[in-house]
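Undergrad: Here it is: the structure, laid out below.
The values are calculated or read from the model by the stated rules, or taken from the named source; none is laboratory data. Keep in mind that what you see is a predicted model, and the values were worked out from it rather than measured. We place every Cβ from the backbone using ideal geometry, glycine too, and count neighbours over all the protein chains shown.
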Amino acid sequence: MFDLPLDDACPTIPALFENADWRVAADGLEHRETGYFIARDSITMRRGDLWEWPMHLAEKSWCTPRSFREAFLAAVAAFGVSADSGLSQSFAVAFGLVAGAGSRRGDAGFVALGDLVRPKSAGTGAIRKRNGAGEPRLAARRMGPMADQRTGETGRQRVAL
């Protein structure tokens, strides 16, 4: 059995680019806080004409659009990948600059795709429309005459006019 110090067993790979959230190394792109890793070989994955990673990371609540975009573009440049118009479209579709009512603004006005498609939980302050106390609820519509609960037979109701 070998006893190696931890520093010798796991040498650190020098960073090609770093910002507050992301680190680009020779083997890929890594989120510094969560450890989420995008391998160098998978950077160019596509969903049709759009790039996969901007679309995928938009669904993550912990992903800050501005820092991810900055790091992703640095990775594309560092890895010698040619960026096409699909890349800018991918960021626009995924993170879009939305400032609509009820949306949670992210960094620089971005709203993550996940926030748009994921229903808001009760803890986030989402207000559910309810009937007011003075507003009666409509009775459920019934088809045909009511059946007696004991016998199951339908009866006729007589109304005096």
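Undergrad: Tell me which residues, restricted to segment 46-79, are in a loop (DSSP other than H, G, I, E, B), closer than 18 Å to PHE95 by Cα and without any contact (Cβ under 8 Å) to a residue 40 or more places away in the chain.
TA: Correct list: GLY48, TRP62.
Undergrad: Another question, if that's okay. Just one of (1) modelled with pLDDT of 95 or more; (2) under 22 Å from GLY80 (Cβ atoms); (3) of a type outside the set (S, T, N, Q); (4) surrounded by 16 or more Cβ atoms within 10 Å (Cβ to Cβ) trips up HIS31, so point out which.
TA: Here HIS31 clears every test but (2).
Undergrad: Could I ask something else about it? For segment 9-18, indicate whether the set of residues that are among the aromatic types (Phe, Trp, Tyr), modelled with pLDDT of 95 or more and assigned to a strand (DSSP E or B) is non-empty.
TA: The answer is no; no qualifying residue exists.
Undergrad: Could you tell me whether ALA71 is modelled with pLDDT of 95 or more and crowded, with 16+ Cβ neighbours inside 10 Å? Before you say what the answer is, go through the steps one by one.
TA: Values: modelled with pLDDT of 95 or more: yes; crowded, with 16+ Cβ neighbours inside 10 Å: yes.
Here the answer is yes, as ALA71 does meet what is asked.
Undergrad: If a residue must be out of contact with any Cys (no Cβ under 7 Å at 6 or more places or on another chain) and crowded, with 17+ Cβ neighbours inside 10 Å, how many such residues does segment 57-68 contain? I'd like the intermediate steps shown before the answer.
TA: Restricting attention to segment 57-68, the residues satisfying the condition of being out of contact with any Cys (no Cβ under 7 Å at 6 or more places or on another chain) are 58-68.
Next, from what is left, pick out any that are crowded, with 17+ Cβ neighbours inside 10 Å: 58, 63-65, 68.
Of the residues in that region, 5 qualify.
Undergrad: Out of the residues in segment 80-91 meeting the condition of being in a helix (DSSP H, G or I) and hydrophobic (A, V, I, L, M, F, W, C), tell me which one is nearest to ASP21 (Cα to Cα). Walk me through it before giving the result.
TA: Step one: of segment 80-91, the residues in a helix (DSSP H, G or I) are 85-91.
Now drop any that are not hydrophobic (A, V, I, L, M, F, W, C), which leaves 87, 91.
On the way: LEU87: 20, PHE91: 17 Å.
By that ranking, first place goes to PHE91.
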